[in-house]
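Please read the structure below before turning to the comments.
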Amino acid sequence: CPVEATLSLIGGKYKPLILWHLIDHPLHYMELQRLIPNATPKMLSQQLHDLENNGMIHREVIPEKPPKTVYSLTSFGQSIVPILDAMCQWGNSYLDGPDV
């Protein structure tokens, strides 16, 4: 099922938020932690690891003291941006008061 395939890639408590925050520019791990304060470090790391394994994000370790880890969207990850935009528009409509 195509919906199931999509959810297997972006389903997860914080995966859509991680992808959303990476749309415009790469971010350091700590920047993501600040942007998603409800995510525990363990949960954020797991979600990032899953997205990296699925080819949606790229992880780069910058050899500084201390080392920094930077995450960015891959071209495959960029392909989800229209879906995230649609989710944002739908969410805004819902927050404005759903027509039931």
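The values are calculated or read from the model by the stated rules, or taken from the named source; none is laboratory data. Given the structure is predicted, the values throughout are model-derived calculations rather than measurements. Heavy atoms of the whole protein, side chains included, go into the accessibility calculation; ligands, DNA and RNA do not. Shrake-Rupley method; radii C 1.70, N 1.55, O 1.52, S 1.80 Å.
Structure notes:
- Qualifying lysines (Cα of each under 19 Å from Cα of K65; at least 8 residues distant if same chain): none
- The long axis of helix 41-53 is offset from the longest Cα principal axis of the chain by roughly 80 degrees.
- Debye log10 I(q)/I(0) for the chain, one point scatterer per Cα, at q = 0.19, 0.23, 0.24 Å⁻¹: -0.96, -1.29, -1.36
- Accessible-area composition of the chain, carbon plus sulfur, in percent [1.4 Å probe]: 59
- Heavy-atom accessible surface of the chain, averaged per residue, reaches 68 Å², computed with a 1.4 Å probe.
- Annotation: amide H-H contacts under 5 Å for H28 (H modelled 1.01 Å from N, sequence separation of 5 or more, or interchain): Y71.
- For the chain, the longest principal axis of the Cα atoms and the long axis of helix 81-95 meet at an angle of about 50 degrees.
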